[in-house]
Amino acid sequence: MAWDFSTEPEFQEQLDWVADFCRNEVEPLDLVFPGAAYSRSPKAKALADPLKQQVKDRGLWALFLGPDLGGPGFGQLKLALLNEILGRYRSAPVVFGTAAPDTGNMEMLAAYGTAEQKEKWLYPLMNQEIFSAYSMTEPQGGSDPNLFKTSAVRDGDSWVITGEKWFTSAGARADIIFVMCTNGMFVVPRETPGVEIMGYPPLHNHIRYNEVRVPLGNLLGPEDGAKVLAQRRLGGGRIHHAMRTVAQVKLAFDMMCERALSRESHGKVIAEHQMVAEAIADSYAEINMLRLLVLWTAWTIDNSSTQAARTQIAACKYTMAKVLREVSYRALHIMGSLGTTNLTPLQAMWASAPTMAIADGVDEVHKVTVARNVLKGYEPHPGLWPTEYIPAKRDEARKKYASLIESDPDLAAWADAAVRATARG
Ligand SMILES: Cc1cc2nc3c(=O)[nH]c(=O)nc-3n(C[C@H](O)[C@H](O)[C@H](O)COP(=O)(O)OP(=O)(O)OC[C@H]3O[C@@H](n4cnc5c(N)ncnc54)[C@H](O)[C@@H]3O)c2cc1C
């Protein structure tokens with residue numbers, strides 16, 4: 001019976017170590033030196049690098065990559081359990097070598113890169129010697145890749161890229177940018193002449209590619225293969241976001257429960273007021289529904305492929321945004337005035353819910369994907385009535401008993417009466 005919700009004791013030991021390490025090392029670093037884990041300043045690196053080394057020594061670096069590429073090759077299910085811890089702490093993904101957008105870009109390189117491309121970009125990215133960004137969305141429309149215009153033209157031994165991208169996260173500080181063109185995915189060093197970073201938005205950059213010339217070897221994967229590479233990248237990215245969202249909503253839930261037991265109003269602790277109890281009960285159920293959906297999806301990926309799990313991944317994507325929105329709002333509300341400030345993580349968590357419903361594809365598109373794929377398993381009913389129309393099904397079932405009913409009038413009368421009784425009910 002291989003239907004088991006338990007965690008192997010050896011892996012649970014790893015999870016316990018990660019939880020302790022994050023609480024005792026990563027969180028204090030985040031609180032006192034925010035951003036140190038990402039910084040290139042030698043002083044910040046001197047603080048963060050020893051923590052990264054501890055993770056490496058423990059065999060937990062670059063968790064999402066297989067052993068052939070220097071990761072532990074845990075697979076998605078174990079990664080999900082680890083991300084349920086890492087997602088609580090802002091810097092934990094980078095301290096564990098699993099931070100977006102680098103992870104998705106590394107996945108593309110691992111899957112489609114030549115030996116030379118891996119040498120040049122994958123291993124330096126894994127070691128955080130360089131950082132990357134991903135340029136796909138364009139100002140005129142992000143949800144429909146058919147609207148994208150950025151393209152590359154081959155000219156001698158170069159590709160020349162022209163176009164405009166929008167919301168390239170961390171583009172301004174990336175060493176290399178993965179640029180999705182209509183005719184392929186290209187790796188563009190940020191300092192290449194013609195890469196123009198606009199002044200705003202500050203974190204998710206608007207970038208113009210003005211006849212940017214890169215060598216032929218900067219085409220990643222096949223020519224015209226950009227959509228396939230993008231699916232590969234985004235599929236993995238979405239499920240990793242969902243794993244970390246489980247961590248966030250669990251944090252909100254912990255805060256909600258602690259507060260519910262800590263405050264009094266109208267003669268009793270607020271946990272005893274029924275509407276607060278309802279918020280806790282609904283959140284408990286929603287978090288566990290999300291968590292099981294995410295774990296089941298991760299398990300499916302491990303046992304088939306990201307492509308085979310597309311419908312589940314899409315369902316995780318909009319479900320996580322919804323559960324994050326609902327649970328963080330309830331937790332914030334139960335925290336009262338304090339919840340509306342930035343003195344707890346709740347306000348930022350709630351404000352991130354709309355982002356979750358947009359980044360990596362808007363909810364509507366994922367819902368349409370789920371409905372379309374699910375409907376492939378169905379057909380219209382053949383006649384006038386739905387398959388489950390009871391009178392028609394009963395007529396069909398009576399054929400099975402036809403000889404019995406014809407030979408026994410008492411039984412036939414009993415059956416007719418019983419059916420009339422159920423119809424009245
Ligand atoms: C925090 C953050 C980080 C991001 N990072 C990156 C990044 O690193 N690289 C990158 O390339 N992009 C990035 N993006 C961009 C993101 O991928 C796009 O915002 C997203 O694909 C939606 O595109 P859009 O913003 O142009 O919205 P639009 O496509 O204009 O959609 C706007 C709204 O229109 C409606 N809509 C659109 N299409 C449909 C449809 N088919 N059916 C029903 N309704 C629809 C929805 O209500 C949707 O919310 C990031 C976005 C955010 C918020």
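The values are calculated or read from the model by the stated rules, or taken from the named source; none is laboratory data. None of these values were measured; they are calculated from a predicted model. Here the Cβ positions follow ideal geometry from the backbone for every residue, glycine too, while neighbour counts run over all protein chains shown. These area figures cover heavy atoms from the full protein model, side chains too; ligands, DNA and RNA do not enter into them. Shrake-Rupley method; radii C 1.70, N 1.55, O 1.52, S 1.80 Å.
Enumerate the pairs (first residue in segment 350-365 and touching a residue at least 60 places away in the same chain (Cβ under 8 Å); second residue anywhere and open to solvent by less than 40 Å² (accessible area, probe 1.4 Å) and polar (S, T, N, Q)) with beta-carbon separation below 7 Å, excluding pairs fewer than 6 apart on the same chain, so at least 6 apart or on different chains.
Partner pairs satisfying both residue conditions: 356/245.
So, residue 89, is that one hydroxyl-bearing (Ser, Thr, Tyr), assigned to a strand (DSSP E or B) and modelled with pLDDT of 95 or more or not?
So residue 89 fails the test.
For segment 128-141, what are the residues that are open to solvent by 10 Å² or more (accessible area, probe 1.4 Å) and under 25 Å from residue 306 (Cα atoms)?
Residues satisfying the conditions are 131, 134, 136, 137.
Is it true that residue 97 is within 23 Å of residue 307 (Cβ to Cβ) and more than 16 Å from the ligand (Cβ to nearest atom)?
Taking the combined requirement at face value, the residue does not satisfy it.
Please work out which residue is nearest to residue 231 (Cα to Cα), limiting yourself to segment 366-406 and to residues that are open to solvent by 60 Å² or more (accessible area, probe 1.4 Å) and small (Gly, Ala, Ser).
Among them, the one singled out is 377.
Only residues in segment 5-29 that are among the small types (Gly, Ala, Ser) and at pLDDT 95 or above count as the first member; pair them with residues that are open to solvent by less than 70 Å² (accessible area, probe 1.4 Å) and part of a helix (DSSP H, G or I), Cβ under 6 angstrom, at least 6 apart or cross-chain, and list the lot.
19/85
Name the single residue that is nearest to residue 397 (Cα to Cα) among those in segment 407-425 being in a helix (DSSP H, G or I) and among the acidic types (Asp, Glu).
416
How about segment 154-175: which of its residues are in a strand (DSSP E or B), closer than 19 Å to residue 121 by Cα and touching a residue at least 60 places away in the same chain (Cβ under 8 Å)?
Those that are in a strand (DSSP E or B), closer than 19 Å to residue 121 by Cα and touching a residue at least 60 places away in the same chain (Cβ under 8 Å): 159, 169.
So, residue 216, is that one more than 16 Å from the ligand (Cβ to nearest atom), closer than 24 Å to residue 108 by Cβ and either exposed (fewer than 14 other Cβ atoms within 10 Å of the Cβ) or within 28 Å of the chain's Cα centre (by Cα) (or both) or not?
The answer is yes for residue 216.
So if I check each of 150, 168, which one is within 15 Å of the ligand (Cβ to nearest atom), open to solvent by less than 10 Å² (accessible area, probe 1.4 Å) and within 20 Å of the chain's Cα centre (by Cα)?
168
Can you tell me which residue is nearest to the ligand (Cβ to nearest atom) among those in segment 366-399 that are in contact (Cβ under 8 Å) with a residue 24 or more places away in the chain and under 30 Å from residue 248 (Cβ atoms)?
367
With the condition kept exactly as written, say whether any residue in segment 61-78 is farther than 19 Å from residue 295 by Cβ, open to solvent by less than 60 Å² (accessible area, probe 1.4 Å), without any contact (Cβ under 8 Å) to a residue 12 or more places away in the chain and assigned to a helix (DSSP H, G or I).
no
Determine, yes or no, whether residue 233 is within 13 Å of the ligand (Cβ to nearest atom), closer than 17 Å to residue 100 by Cα, of a type in the set (D, E, K, R) and open to solvent by less than 50 Å² (accessible area, probe 1.4 Å).
For residue 233, the condition - within 13 Å of the ligand (Cβ to nearest atom), closer than 17 Å to residue 100 by Cα, of a type in the set (D, E, K, R) and open to solvent by less than 50 Å² (accessible area, probe 1.4 Å) - is met.
Exactly one of (1) open to solvent by 20 Å² or more (accessible area, probe 1.4 Å); (2) at pLDDT below 95; (3) over 23 Å from residue 208 (Cα atoms); (4) not polar (S, T, N, Q) is unmet by residue 99. Its number?
That leaves (1) as the condition not met.
Which count do you get for residues in segment 100-132 that are more than 17 Å from the chain's Cα centre (by Cα), within 14 Å of the ligand (Cβ to nearest atom) and under 20 Å from residue 150 (Cβ atoms)?
Total meeting the criteria: 1.
Quick check on segment 407-419: of everything there that is at pLDDT 95 or above and acidic (Asp, Glu), which residue is surrounded by the most Cβ atoms within 10 Å (Cβ to Cβ)?
Applying the filter and picking the extreme gives 408.
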